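One structure below.
Every number in this text was worked out from the coordinates using simple rules, so none of it is lab data. Keep in mind the model is a prediction, meaning the values are calculated, not measured. Don't worry about glycine lacking a Cβ; one is built from the backbone with ideal geometry, like all the others, and counts go over all protein chains shown.
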Ligand code: PMV
């Protein structure tokens, strides 16, 4: 094997992924989503991962020792890539160094860019190139949203229907240059989320009365969002973005016990965006399995909306991020 480095950018879902298909009998858990999703890859916010030979498995995160639970996930994923590359023999020991250029301390997920960069770096280190579609399906095994970070710009992750997951992969819809939009990220809390997305999704599927309707209505949201995106119709896209977000959170809140990822500031920040919109500014909110508020807006509205968000008590920081590029992979000497 050789050493390789990959840089992959994180993404934010405009039409959300929430919920997994239960594993088919006799097959391993392939991490198959119950719904498709549509995302925007982000500029600047990225993971940079190097995979190379070593005399024992070693994982560093942000230049320090990686936490044991993260290391276990990383090496389990390396095993998947090694086996997918067709090797029957045991995987050679590897050194994995990952650096997140993301405000992880503020609780923004690094799993999307992290597993995308790890998949790309590992495949290159193992001198295996099955194409980005196959690598997207492999990245999905680590984290659903990671499948979308294999491309820049606007990306769709197909739900697929095959039990073996072969048709469950992302594909690019439009490059970053398609639309001069911004995503504002308003940080409303520090620290990790209380319930991880895998546990939350399972609990939601098992107990939320809204889970069935959530799954049944998602394909229509995707089709409408895709059409609005192609037409660069922000009013139509924004309406679906907000609907998908609130429908997901309603489904989460109706879980037993309830899954409430928001705090008081989350709601105040959402209200501030809606108030700004009533006054003529253009921006649409979304939020994931955490308390931060993200706002999709035209680039010329970003400064004014960011100012409104910074004025909300409890908002700690606001950053504006442009659509981001494809990942980058290089084999190291
Ligand atoms: O990729 P995961 O397993 O961390 O799940 C991501 C789920 C959401 O962020 C809530 C929505 C999404 O589509 O990214």
Problem set entry | Square roots of 5 times each gyration tensor eigenvalue, C-alpha, the stretch 11-59, largest first, Å | 28, 24, 6
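Once R0 is set to 22 Å, what does the formula 1/(1 + (r/R0)^6) return for the Cβ-Cβ distance between residue 231 and residue 180, expressed as a FRET efficiency to the nearest 0.05?
It comes to 0.90.
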Problem set entry | Under 19 Å from the residue 278 label point (7 Å along Cα→beta-carbon), backbone N, the stretch 228-254 | 239, 242-243
Problem set entry | Global geometry of the stretch 158-243, whether rounded, prolate or oblate, following the gyration tensor of its Cα atoms and the 1.5 cut on a/c | oblate
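Quick check on the stretch 179-333: take the gyration tensor over C-alpha atoms, sort the square-rooted eigenvalues as a ≥ b ≥ c, and tell me if it's rounded (a/c under 1.5), prolate or oblate.
Because its axes are fairly even, with a/c under 1.5, the stretch 179-333 counts as rounded.
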Problem set entry | Helix axis angle, 132-142 relative to the chain longest principal axis, alpha carbon, degrees | 80 degrees
Exercise. Roughly speaking, what is the stretch gain from residue 127 to residue 219, that is 0.36 nm per residue apart minus the C-alpha to C-alpha distance, in nm to one decimal?
Worked result: 29.4 nm
Exercise. For the Cα atoms of the chain, what angle does the longest principal axis make with the long axis of helix 234-253, in degrees from 0 to 90, nearest 10?
Worked result: 70 degrees
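What per residue convex hull volume, in Å³, do the alpha-carbon atoms of the chain yield?
Hull volume normalised by residue count: 131 Å³.
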Seminar exercise, completed: Computed over the chain, the relative contact order (Cα-Cα under 8 Å, seq sep at least six) in percent reads 25 percent
For this session: State, to one decimal in nm, how far the label point of residue 299 lies from the label point of residue 88, with both points 7 Å from Cα in the Cβ direction.
Result: 5.5 nm
Exercise. For the stretch 202-252, what is the largest minus smallest coordinate of the Cα atoms on each principal axis, given in angstrom and ordered from greatest to least?
Worked result: 38, 16, 13
Problem set entry | Inter-part distance where the stretch 1-74 and the stretch 242-265 are each reduced to a Cα centre, Å | 24 Å
Exercise. For the stretch 92-238, what class follows from the C-alpha gyration tensor (a ≥ b ≥ c being the square roots of its eigenvalues): rounded when a/c is under 1.5, otherwise prolate if a/b is larger than b/c, else oblate?
Worked result: rounded
Exercise. Measuring from the lowest to the highest alpha carbon on each principal axis, how far does the stretch 218-296 reach, largest first, in angstroms?
Worked result: 41, 32, 15
Exercise. When the helix-only estimate is applied to the chain (DSSP H runs of n ≥ 4, each -39,500 (n - 2.57), divided by the residue count), what is the mean residue ellipticity at 222 nm, nearest 500 deg cm²/dmol?
Worked result: -11500 deg cm²/dmol
Exercise. Of the peptides 10-19, 220-229, 287-296, how do they stack up when ordered by the mean number of other Cβ atoms within 10 Å, highest first?
Worked result: 10-19, 287-296, 220-229
